[in-house]
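Presented below is the structure to which this report refers.
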Amino acid sequence: MIDCRIKCVIFGHLFYKLSFMKITQNTNTLIDSFKVSKKVKTIDEIKKIFGHSNITIYRRVKANKLLTSYNKNSKYYTLPTVPKFNKYGVWFYNEIGFSKYGNLYQTLTAIIDNSSDGLSGKELSVILKIKVLDALRILSKRNTIKREKISGKNIFFSAKASIGKQQNKRQTAKNNIIKKPTELSSYQIVIEILVVVILNNTLEIKTLQAQLLLKKISVSEQEIHNVILHYELKKKKFK
């Protein structure tokens, strides 16, 4: 006769093998469901296909490492092989956003860490196609990212000291270049611009440019702007 302990081992092995086969089969079916129909699904849509409870579905989602959308209340799922991520590591299916980094907080942190000179809230909103100020505020309070005001704008930098320091340095340099006027045009053209400013009693660049054209003097808006900056002309002087 077969020893009772041996029977237990045999039955245990068979039970494990059958369970593993069932899980594998169910897993393959879940993966296949994304291949034959919509590439992106909600839990309710998956549930309709398989008729299982939420707990069972969530287990399968986790087992298959399905990606969760970082927007739309994280209710959409897709296979890891479906997205074609852009340079920021995000992919969109219509208005549904997925990230290779994970949820919204993880995604914002990674994008900021990987940026060359930090990013503003507006820039991050454009990248992710959603409002992100609340999430940025939370991340700043957690010290997951750093926020600093540069040239009147909040810029978000990496909380990693070595990275954040370099980002801040490049951002500051970039803003200084933008602020610094380019080299002024020739002396005679500068005089013409100042004369038109005085005669027309205005600092409206397009108006000044039009008046200069009447005198057959072609000057760019930037050149006029540079003269106004250089001589620190202010609107109140021309009221």
The range 95-104 - phi-based ³J(HN,Hα) in whole Hz, Karplus 6.51/-1.76/1.60, Gly and Pro as x = 9, 8, x, 10, 10, 6, 8, x, 6, 4
Non-local residues with an amide H under 5 Å from the amide H of residue 150, with H modelled 1.01 Å from N and Pro and chain starts lacking one, are 155
Please report the orientation-averaged projected area of the range 46-139, defined via the convex hull of its C-alpha atoms, in nm².
-> 6.8 nm²
Shape parameters for the range 120-180, alpha-carbon atoms, Rg then Dmax in Å | 12.1, 36
Of the listed links 38/141; 75/149; 72/153, those spanning more than 31 angstrom between alpha carbons are 38/141; 75/149
Which aspartates and glutamates does residue 100 reach when only Cα atoms under 20 Å apart count, and residues fewer than 8 places away in its own chain are ignored?
-> 113, 123
Counting other Cβ atoms within 10 Å, keep those with at most 11, restrict to DSSP loop, and tell me which trypsin sites (Lys or Arg not before Pro) in the range 78-143 are left.
-> 84, 87, 142
Which whole-Hz couplings ³J(HN,Hα) result when phi for each residue of the range 72-83 is put into the Karplus expression 6.51 cos²θ - 1.76 cosθ + 1.60, θ = phi - 60°, listed in order with x for Gly and Pro?
-> 6, 6, 6, 9, 10, 10, 8, 6, x, 8, 7, x
For the range 187-238, what value does the Rg/Rh ratio take when both radii are computed over Cα atoms and Rh is the Kirkwood radius, given to two decimals?
-> 0.91
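Bear in mind that the values in this text are calculations on the coordinates, not laboratory data. Owing to the predicted nature of the structure, the values given are computational and were not obtained by experimental measurement. Cβ: placed from backbone, ideal geometry, glycine included. Neighbour counts: every protein chain shown.
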